[in-house]
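Please read the structure below before turning to the comments.
The values are calculated or read from the model by the stated rules, or taken from the named source; none is laboratory data. Please read all numbers here as calculations on a predicted model, not as lab measurements. Cβ placement follows ideal geometry from the backbone for every residue including glycine, while neighbour counts extend to all protein chains displayed. Calculation scope for accessible area: heavy atoms of the full protein, side chains included, ligands and nucleic acids excluded. Shrake-Rupley method; radii C 1.70, N 1.55, O 1.52, S 1.80 Å.
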Amino acid sequence: MMRFILPFVVFVVLAVFLFVGLNLNPREVPSPLVGKPAPAFTLPQLHEPAKPFSPADMKGQVWLLNVWASWCVSCKEEHPVLMELSRRNIVPIYGLDYKDKQADAELWLKRGGDPYVLSVADAEGRIGIDYGVYGVPETYVIDKQGVIQYKQIGPVTPQNLTEKILPLVAELQAK
Amino acid sequence: MIPEIGNFALIVGLFLAFTLGVLPIVGAARNNAVLMGVARPLAAGQFVFLGIALGCLTYAFVANDFSVLYVAQHSNSQLPTVYRVSAVWGGHEGSLLLWAFLLSVWTLAVAMYSKHLPEEMVARVLGVMGLIAVGFLLFMLMTSNPFDRLLPAAADGRDLNPLLQDPGLVIHPPMLYMGYVGFSVAFAFAIAALLGGRMDATWARWSRPWTTVAWVFMTMGIALGSWWAYYELGWGGWWFWDPVENASFMPWLLGTALIHSLAVTEKRNAFKSWTVLLAIAAFSLSLLGTFLVRSGVLTSVHSFAADPKRGIFILTFLVIVIGVSLLLFAWRAPKIGLGGKFDPLSRESLLLSNNVLLSVAAASVFIGTLYPLFMDALGQGKLSVGPPYFEAVFVPLMIPMVLMMGLGPLARWKKVDAPELAKRVSWAFGAALLIALLLPLTMGKWSVMVSLGLLLAFWIIASVTLSLRERLAGRDDFMQRLRGQSLSYYGMQLAHLGVAVFIIGVTLVKGYETERDVRMDVGDVLNTGGYEFRFNGVTEEQGPNYVAGKGHVTISKDGKVVTELYPEKRQYNVSGMPMTEAAIDAGLLGDLYVSLGEPIPDSDGAWAVRVYIKPFVDWIWAGCLLMSLGGVLAISDRRYRIHNKRSAEAKTEMPLEEKTA
């Protein structure tokens, strides 16, 4: 009798796995950078190229680093969400203008509004390599110690903002 | 209006399926002839109404009715009519409808060709198939109704995925689904036998032709899919071990095992509980395949609509169908008892090892496919399993399998005299070995893998030849002996030869293919594999619903033009998706394959061009075709036709069968 029930037992175990699997997202690829210090850089600011900016300046604050570009179509989609977020003054957003021309980028911000405290220009995309940028846009949540706590690939939407990013920001700010 | 009729027909179909799933099974349990008698008319009614539903959806596509959401998502007014018809199964909802319709076709076929079976068996088989249909129709009506309206209607549709706008994809899904769904017949027979508690050899004899038909469809379906991937994806590969490919390959492996195991159960009354379990497992894997494709638990190039709600529904359905079947098996199987005895070396034992190896192969594909899911569920992180795993596991399993495949048809039932068999096959094996060692030398380069592959292939060919010779040689009339063998014998040998042809294709294309990926300016000439490929540039062409960059490549050998190829890079108007149309000069000894990569920016008409020379690649699909033809021959065997006529005798035969058990 026992050996005949075995197929059923095996199947039950499998069904449990399939059920768990339903609630996982196979497309969600965790960044190896999560939990690691944000790579250091010093880049000229977009609006005032004479002034440099470095993530080290942000020690003690929770902040978002948003990778964007004027040539990026999905950035238009997330732009209103970022504008709204900056108006609510919850967390400072810094922009990394990725492989872009300064004139195009400034025009783009002038037209759509500038949600960023400031943006830095990564014209050659060198810093993008350090941060493992797959595609634009991407958003990093960086904590007070300068450690990357979360990486959003693709546009920030109202949904992932309220479900993931804002709770995380609140938690990090409370620490 | 028409979509509403379709929707209504679906609901009626569900009602009929439900009645079919309940009344005849109850009737069989209570021995009530009236309740059992309704099975056939209900099967016919279910077929008619699902046919109406499918017809209505097809009409909505052909008539460009974009007020139907599913049509708006998968069609477009620019789409050529033939693709509007095939777009019916180009998405999730419609392919489910096709699934359900094909199930009703199989149900009707069983109802029509089962006159020689006892009434209660027919009632149970049709009832089980009705219950499966209930699951699928409920799934469709509750989570994925193809007739949902889109109001206000869309001005135009979103177009069919350009990947699917291809003749191969018009017939690949129906073929494959006929196979998937066809295994439900063997499953229903197995469950009916378990329900009835009569597990003699007769159920095996009855379900055997059905299983073979389903297997033939599945073989063709998989082969078509592979062929399509070869010429449409532009990478020149023919199998990618993608989760969805594996989802069709696993039931195929178990179906192959089932065909062989059914033979033993029918002929020798052995492996009875194992055969039942295989029948359950083969269909369970068909269902699981549906789950994997539809639920989005795995990433795949075949990403259909991934929706967790649908996933929950299919999983529940899966748990009910498979769970109940396996419990029924656990309850009934202990009473089945052992079958005819056999020696450790006999045709039975060879077929048993074939079964074990095929099942282990299916299990290893299964583990590889679901491994990322298991690891993720256990919190071990994300990873993917690729072709290296599958090749490392699969190939070693197939080597002993193929070696035994040669011996099986030569071995006798019950007991084989090992030295005698060894003596019989020694020449065949020697010849195969000699050819395998020498033939690669004529192809230019000798390698172990090529030699091994050829050894396996020629071993099959030699053993088939040996078997034919033993059966046909003799003093009396050759033609009479030729006719004296059963069609199912020829079918088996033809299918085995198909495996040999397949192995030759795989081995030679892997061993000797040339792949060049180069930048070519207009007028550039590439010399490779003894051919000259001259790139004459790309011109723009207008298709019905796309714009194509049409390349022109002249291929010559020793100064003589062999052929002109026109690979295309298409940009579809609506979706904006780029598609690669490889140009292939196919031949018995190999293909010349050219596909366009990307245009080189800032150049004067230069492109990245992929040039492949694929020796013997078509043998891969020719092998599959031979396997299918073998299956067709086997089911055309006289005994199945005679069987239909001797309906009354079949019933009286059964007690005899039991006595011999």
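What does the charge count near B:Gln542 come to, summing +1 for each Lys or Arg and -1 for each Asp or Glu among other residues with Cβ under 11 Å from its Cβ? Walk me through the numbers before you get to the answer.
Details: positive: B:Lys550, B:Arg570; negative: B:Glu540, B:Glu541.
So the surrounding residues net to 0.
Rounded to the nearest 0.05, what FRET efficiency is calculated for B:Leu438 and B:Val48 with R0 set to 56 Å and r the Cβ-Cβ distance? Don't skip to the answer; put the middle values down first.
Numbers: r = 61 Å, r/R0 = 1.09.
Approximately 0.35, to the nearest 0.05.
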For the residue pair B:Ala431 and A:Arg111, what label-to-label distance in nm results when each label sits 7 Å from Cα along the Cα-to-beta-carbon direction? 7.6 nm
Return the long-range amide H neighbours of A:Tyr131 (sequence gap of 5 or more, or a different chain), with a cut-off of under 5 Å between placed amide H atoms. none
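Using 0.36 nm per residue of separation minus the Cα-Cα distance, give me the extension gain between B:Val518 and B:Leu472 in nm, one decimal.
Numbers: separation 46, 0.36 × 46 = 16.56 nm, distance 5.44 nm.
Contour length minus the Cα-Cα distance gives 11.1 nm.
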In debye, nearest 20, what is the charge dipole magnitude of the protein assembly as shown about its Cα centre with +1 on Lys and Arg Cβ and -1 on Asp and Glu Cβ, if you could check? 3680 debye
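Accessible area, 1.4 Å probe, largest first: how do B:Leu452, B:Leu224 sort? Write down the numbers at each step before the final one.
Working: B:Leu452 60, B:Leu224 25 Å².
From most exposed to least exposed: B:Leu452, B:Leu224.
Tell me what chain B gives for mean residue ellipticity at 222 nm when only DSSP H runs of n ≥ 4 count, each as -39,500 (n - 2.57), the sum divided by the residue total, rounded to 500 deg cm²/dmol. Present the calculation step by step, with values, prior to reporting the outcome.
Details: 21 runs with 428 residues, N = 661.
The per-residue figure over chain B is -22500 deg cm²/dmol.
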Ignoring ligands and nucleic acids, A:Val16 exposes an accessible area, probe 1.4 Å, in Å² to the nearest 10, of 90 Å²
Per residue of chain A, what 222 nm ellipticity follows from adding -39500 (n - 2.57) for every DSSP H run with n ≥ 4, rounded to the nearest 500? -11000 deg cm²/dmol
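Grab the other residues whose beta carbon is less than 9 angstrom from that of B:Val68, score K and R as +1, D and E as -1, and report the net. Kindly include the intermediate steps, with their values, before the conclusion.
Values: positive: B:Arg149; negative: B:Asp65, B:Asp148.
Surrounding charge for B:Val68 is -1.
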Local charge sum around B:Pro162 (other residues, Cβ-Cβ under 15 Å, Lys/Arg +1, Asp/Glu -1)? -1
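For each pair in A:Lys101/A:Lys175; B:Lys415/B:Lys510; B:Lys272/B:Lys415; A:Lys99/B:Lys550, compute the distance between the two Cα atoms and list the pairs where it is over 28 Å.
Values: A:Lys101/A:Lys175 39 Å; B:Lys415/B:Lys510 39 Å; B:Lys272/B:Lys415 19 Å; A:Lys99/B:Lys550 33 Å.
Long pairs (Cα-Cα over 28 Å): A:Lys101/A:Lys175; B:Lys415/B:Lys510; A:Lys99/B:Lys550.
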What is the distance in Å between the Cα centres of region B:332-369 and region B:172-235? 19 Å
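May I have the convex hull volume per residue, in Å³, for the Cα set of region A:36-174? Please report the intermediate quantities before stating the final value.
Details: hull volume 13.5 nm³, N = 139.
Given the Cα convex hull of region A:36-174, per-residue volume reads 97 Å³.
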Work out the FRET efficiency for B:Arg638 and B:Phe8 from their Cβ-Cβ distance, taking R0 = 35 Å, and round it to the nearest 0.05. 0.20
So B:Asn32 and B:Arg412, fully extended at 0.36 nm per residue minus their Cα-Cα distance, gain in nm 132.4 nm
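Considering all alpha-carbon pairs of region B:525-625, what whole percent are spaced by more than 24 angstrom?
Details: 1525 of 5050 pairs.
Counting every Cα pair in region B:525-625, those more than 24 Å apart make up 30 percent.
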Could you check the spin-label model distance between B:Leu138 and B:Ser353? Points 7 Å from the Cα along Cα→Cβ, value in nm. 4.6 nm
Kindly write out, for region B:538-546 in residue order, the coupling ³J(HN,Hα) from the Karplus curve 6.51 cos²θ - 1.76 cosθ + 1.60 (θ = phi - 60°), rounded to whole Hz, with x marking Gly and Pro. 10, 10, 8, 9, 9, x, x, 9, 8
So what does B:Lys267 come to for accessible area, using a 1.4 Å probe and Å² rounded to 10? 110 Å²
For the pair A:Gln102 and B:Glu541, how long in nm is the line joining their label points, each one 7 Å along Cα→Cβ? 4.9 nm
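Which order do you get for B:Val402, B:Val34 if you rank them by accessible area with a 1.4 Å probe, largest at the top?
Numbers: B:Val402 5, B:Val34 110 Å².
Largest accessible area first, the residues go B:Val34, B:Val402.
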Quick one: divide the alpha-carbon radius of gyration of region B:431-507 by 2.2 N^0.38 Å and tell me what you get. 1.33
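How would B:Ser75, B:Ser575 rank on accessible area, largest to smallest, probe 1.4 Å? Could the numbers behind the result be given before it?
Numbers: B:Ser75 0, B:Ser575 55 Å².
Highest to lowest solvent-accessible surface, that is B:Ser575, B:Ser75.
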So for region B:126-168, using the alpha carbon gyration tensor with a ≥ b ≥ c as root eigenvalues (a/c under 1.5 gives rounded; past that, a/b versus b/c decides prolate or oblate), I'd call it oblate
For B:Ile504, the accessible surface traced by a 1.4 Å probe with all protein chains present amounts, in square angstrom to the nearest 10, to 10 Å²
Hypothetical label at B:Ala422: residues of region B:335-367 whose amide nitrogen lies under 18 Å (7 Å Cα-Cβ projection): B:344-347, B:350
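Does chain B come out rounded, prolate or oblate by the C-alpha gyration tensor, with a ≥ b ≥ c the root eigenvalues, rounded set by a/c under 1.5 and, if not, prolate when a/b is larger than b/c and oblate if not?
Values: a/c = 2.02, a/b = 1.13, b/c = 1.78.
Note, shape of chain B comes out oblate.
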Projected onto the charge dipole of chain B (+1 at Lys/Arg Cβ, -1 at Asp/Glu Cβ, origin at the Cα centre), which of B:Leu79, B:Phe535, B:Trp331 gives the Cα projection farthest towards the positive end? B:Trp331
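What Kirkwood Rh does the protein assembly as shown have if only Cα atoms enter the pairwise 1/r average? Answer in Å.
30.5 Å
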Could you tell me how many degrees, from 0 to 90 and to the nearest 10, lie between the Cα long axis of helix A:2-22 and the main elongation axis, the longest principal axis, of the Cα atoms of chain A? 20 degrees
Calculated FRET efficiency for the pair B:Ala586/A:Asp130, C-beta based, R₀ 45 Å, to 0.05: 0.40
Distance from region B:238-291 to region B:519-567 (C-alpha centre basis), Å: 44 Å
Taking the square root of 5λ for each eigenvalue of the C-alpha gyration tensor of region B:327-474, the equivalent ellipsoid has semi-axes, largest first and in whole angstrom, of 34, 28, 9
Which whole-angstrom value gives the distance between the alpha carbon centres of region B:1-48 and region B:574-597? 47 Å
